[in-house]
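Comments concern the structure below.
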Amino acid sequence: MIWENVLLAIASLRANKMRALLTMLGIIIGITSVIAIVTIGNAMTASVNSNLSSFGTNNITVFIREKTQRSFGGGIPFLGGGGPPQGGQIRGSGNSSRPEDSDLISLSMINKLKEEFPNNITGVALTNSVGSATVKDGEKYANVSISGTNPDYLLSSNMNILQGRYLNQNDMNNYRNVAVVSDRLVKSIFPNGADPISQQIKVYKTNTIEIYTIVGVYKYETSSMQVSTVSEEDVSTNLYIPVTTSKLGASQQNYSSITVVAKGDSSSIINFTTQLQTYFDEVYKNNKLWGPRVNSLETQLSSIMDVLNSIKLAIAFIAGISLLVGGIGVMNIMLVSVTERTREIGTRKALGAKNFHIRFQFITEAAIISGVGGIIGIILGTTVGAVVSVVLKAPVTVSVLVTLGSVIFSMAIGVFFGYYPANKAAKLDPIEALRYE
Amino acid sequence: MIEISNLIKKYYVGMPNELTILKDISLSIQEGQFISVVGASGSGKSTLMNIIGALDRPTSGTYVLDGIPIQEMTENELSEVRNKKIGFVFQTFNLIPRTTALNNVELPLFYMGVGKSERRKKAEELLELVGMGDRMTHMPNELSGGQKQRVAIARALANDPAIILADEPTGALDSQTGKLVMDIFLKIHREEHRTIVLITHNPELAEQTERIVTLSDGRIIGDRLNHSQKTEVGVRA
Ligand SMILES: Nc1ncnc2c1ncn2[C@@H]1O[C@H](COP(=O)(O)OP(=O)(O)O)[C@@H](O)[C@H]1O
Ligand SMILES: [Mg+2]
């Protein structure tokens with residue numbers, strides 16, 4: 001009975017191919033956009049996730065920045081308003097102010113921090129960006145940017161050591177001139193495959209030449225998000241030296257930012273981020289000008305995901321509206337069809353069709369129109385989604401749930417919007433219907 | 001088997017333009033009778049047929065079909081009566097468009113809930129009976145008027161109905177084709193002893209039936225048995 005009704009409905013739709021197709025169009029567009037958006041959205045999420053997590057989702061950065069005028073004034077009103085003019089206040093109002101060394105994070109503060117949260121912290125990575133330079137050996141050269149780092153830096157990055165070792169505490173304590181370089185640099189400077197470990201390299205800075213001994217080689221990796229504007233051989237890679245060595249003779253010995261490598265899953269890291277903010281706020285509560293800002297990739301990731309999700313939702317809503325319009329189109333055509341086939345309905349009733357036979361016949365037709373439209377929409381939407389995902393260099397994911405859901409949903413639209421016309425047909429008076437011209 | 005008494009059919013009941021179409025009709029038809037209803041256009045023939053066919057309900061009066069009072073039935077019950085007891089043949093054929101002759105004939109069986117293979121077998125038999133065995137898979141728009149009406153007669157016979165109701169079945173056909181269609185009615189009456197109610201304008205056709213009822217302005221003004229009919233059938237047979 002159901003199957004025969006389906007065959008009947010297909011036959012009647014085939015008799016009006018063009019009209020059925022045009023009716024489907026609304027559903028096709030609606031389902032296509034829903035599927036495409038979900039596929040693209042998932043691809044984007046996956047892409048953002050994989051790109052950002054390559055930076056290390058366990059890292060929490062703490063950096064010192066100027067407290068804004070507002071929070072300064074709001075926090076300690078009487079000092080901000082009527083206090084005697086101080087150096088700090090003059091500096092605070094200018095944009096070019098620089099923190100004193102005492103405003104920054106010192107090694108003793110870091111040690112205290114580690115003691116405070118022994119169960120949350122794996123390590124604290126320190127970096128000091130020295131600047132760019134060129135490693136030269138006769139005609140051979142390689143661009144580098146020099147970074148002073150501590151041993152914990154290795155924990156904060158997903159660096160892959162190919163040869164030798166990373167910097168250690170011994171290098172730090174003795175201010176040694178040792179370096180960990182990229183395999184890319186090794187290729188440029190030692191093209192004939194000599195073992196780079198323990199080799200010395202000459203680093204040409206703007207005014208000076210420094211000599212470092214290579215202790216390790218890491219694998220250079222490009223992020224898919226990075227767009228390189230320089231030619232292959234001019235690409236600058238990081239050259240890591242002990243942070244102590246990098247700060248020799250520098251006026252600033254403390255750190256304007258540190259990276260805390262935390263333990264645990266994403267929610268506990270998000271929690272710990274807030275905890276750290278509170279902790280550092282307490283440490284800096286007496287500093288009028290400078291304060292900490294604690295940030296983690298996890299918290300940023302979750303806010304990026306929030307934005308992505310709300311964009312997805314908004315577009316899905318619009319797609320939903322087009323689906324609604326498609327459904328109204330189905331209803332419209334079904335009403336036309338019922339009117340056109342009034343005599344047929346009368347005849348069927350004269351032959352013994354009950355109201356539910358007629359209702360079922362038209363609902364089946366509506367469900368088939370929108371179901372077939374839905375299937376076409378899924379094929380188109382998945383194709384569009386896959387193409388865009390490939391363009392975004394993101395993995396193509398086809399959600400079975402969304403796909404199945406769309407077919408069922410589009411058929412439900414057919415049943416919903418087909419019900420009114422079908423019911424109208426079912427309730428026709430047989431005599432009126434037979435007399436219909 | 002058909003017992004109609006004091007039947008009145010009105011349109012626009014209770015309104016200023018109230019119309020009384022059938023005025024106090026009483027009529028009984030025995031099983032197996034071939035009866036014709038004649039009368040001027042607008043005299044109420046089709047209205048009467050719709051009531052006999054359980055498509056419509058009388059405004060007052062009673063209609064008992066095979067002992068069942070029809071005037072008290074619900075819509076779905078009426079559908080069932082039409083499906084099981086009545087076979088309609090219309091002036092305008094009313095075949096379902098874009099549906100093969102076979103599927104048209106199967107339709108009453110479909111609504112009765114008969115399975116596919118049995119339906120197919122019965123439909124093929126009936127199309128053979130009306131001489132349409134070679135056109136079974138044709139669509140209505142590929143058939144001539146006479147052929148369409150033969151398919152419609154096969155369809156009317158599909159559920160072995162007690163009564164065949166034919167409302168001017170030859171009205172849209174030329175006289176030659178009309179005679180052919182009439183011959184089919186005579187044949188199914190003779191061979192299957194079915195009750196047939198034939199509505200017609202054509203006195204020649206009416207003369208071939210066993211009983212002639214004349215309707216005028218919603219009243220029966222003539223009802224006679226036709227004795228010449230038997231010999232005519234005899235001549236044909
Ligand atoms: N649904 C209706 N509403 C109003 N008047 C109708 C309706 N159906 C039929 N009539 C009227 O009933 C009368 C009889 O119609 P009908 O039974 O079709 O006559 P016949 O079949 O004898 O030509 C006509 O005058 C017609 O106008
Ligand atoms: Mg009539």
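Using only Cα coordinates, the Kirkwood hydrodynamic radius of segment A:273-424 works out to 20.0 Å. Counting Lys and Arg as +1 and Asp and Glu as -1 over every other residue whose Cβ lies under 13 Å from the Cβ of A:ASN158, the net charge comes to 0. Each of A:TYR166, A:TYR175 has some number of other Cβ atoms within 10 Å of its Cβ, and from fewest to most they run A:TYR175, A:TYR166. The convex hull defined by the C-alpha atoms of chain B has an orientation-averaged projected area of 13.2 nm². Note down the net charge around B:VAL105, summing +1 for each Lys or Arg and -1 for each Asp or Glu among other residues with Cβ under 9 Å from its Cβ. Here the count lands on +1. When each of the peptides A:14-27, A:404-417 is scored by the mean number of other C-beta atoms lying within 10 Å of its residues, the order from highest to lowest reads A:404-417, A:14-27. Note on B:SER117/B:ALA172: beta-carbon distance plugged into 1/(1 + (r/R0)^6) with R0 of 35 Å gives a FRET efficiency of 0.55.
Remark: segment A:316-404 is approximated by an ellipsoid whose semi-axes, taken from the C-alpha gyration tensor as √(5λ), come to 39, 13, 9 Å, largest first. For the residues of B:93-100, the average number of beta carbons from a partner chain within 10 Å of their own beta carbon is 5. Counting only whole DSSP H helices of chain A, the ones at least 15 Å long by C-alpha along their axis and with mean Kyte-Doolittle hydropathy no lower than 0.0 are A:2-14, A:17-53, A:297-340, A:355-391, A:400-426. Per-residue shielding of B:71-82, expressed as the average number of other chain Cβ atoms within 10 Å of the residue Cβ, stands at 3.
Sorting A:296-302, A:231-237, A:103-109 by average packing, meaning the other beta carbons within 10 Å per residue, from highest down gives A:296-302, A:103-109, A:231-237. Based on Cα contacts under 8 Å between residues 6+ apart, chain B shows a relative contact order of 27 percent. Between helix B:175-192 and chain B there is an angle of about 90 degrees, using the helix long axis and the longest principal axis of the Cα atoms. Averaged over residues, the count of other Cβ atoms within 10 Å places the peptides A:377-388, A:200-211, B:93-104 in the sequence B:93-104, A:377-388, A:200-211, highest first.
Between the Cα long axis of helix B:116-129 and the first principal axis of chain B there is an angle of about 80°, rounded to the nearest 10. Local charge sum around A:LYS263 (other residues, Cβ-Cβ under 15 Å, Lys/Arg +1, Asp/Glu -1)? The answer is -3.
For chain A, the residue among A:ALA433, A:ILE197, A:ASN238 whose Cα projects farthest onto the positive side of the dipole built from Cβ charges is A:ALA433.
Computed over chain A, the per-residue total of -39500 (n - 2.57) for DSSP H runs of n ≥ 4 gives a 222 nm mean residue ellipticity of -18000 deg cm²/dmol, rounded to 500. GNM on chain B, alpha-carbon springs under 10 angstrom: the most fluctuating residue among B:ALA152, B:ALA40, B:ALA166 is B:ALA40.
The angle separating the long axis of helix B:75-85 from the principal Cα axis of greatest extent in chain B is about 60 degrees.
For chain A, averaging the sequence separation of C-alpha pairs within contact (under 8 Å, six or more residues apart) and dividing by the residue count gives a relative contact order of 30 percent. Taken over segment B:2-225, lysine pairs spaced eight or more positions apart, or on distinct chains, with alpha carbons under 20 Å apart number 17. At 0.36 nm per residue, and after removing the present C-alpha to C-alpha distance, how many nm does the segment from A:LEU107 to A:GLU282 gain when stretched out fully? Contour length minus the Cα-Cα distance gives 61.3 nm. Candidate cross-link partners of A:LYS219 among the aspartates and glutamates, defined by an alpha-carbon separation under 14 Å and a same-chain spacing of 8 or more, comprise A:ASP183.
Can you return the lysines within cross-link range of A:LYS112? Criterion is Cα-Cα under 26 Å, with same-chain partners fewer than 8 residues away left out. Leaving aside lysines fewer than 8 places away in the same chain, those within reach of A:LYS112 are A:LYS67, A:LYS247, A:LYS263, A:LYS285, A:LYS288. Among the residues of A:351-363, the average count of other protein chain beta-carbon atoms within 10 Å of the residue beta-carbon is 5. Listed by chain and number, the aspartates and glutamates placed with their C-alpha closer than 14 angstrom to that of A:LYS202 are A:ASP137, A:GLU139, A:GLU210; residues fewer than eight positions away on the same chain are left out.
Segment A:386-437 and segment B:113-162 have Cα centres spaced 35 Å apart.
Based on C-alpha pairs under 8 angstrom that are at least 6 apart in sequence, segment A:200-299 has a relative contact order of 14 percent. Taking only the C-alpha atoms of chain A, Rg followed by Dmax gives 34.4, 106 Å. Bridges between two residues of chain B, per DSSP, are antiparallel at a rate of about 55%.
Taken together, the values in this text are just the output of simple stated rules run on the coordinates, not laboratory data. Keep in mind the model is a prediction, meaning the values are calculated, not measured. Note: ideal-geometry Cβ built from the backbone for every residue, glycine included; neighbour counts use all protein chains shown.
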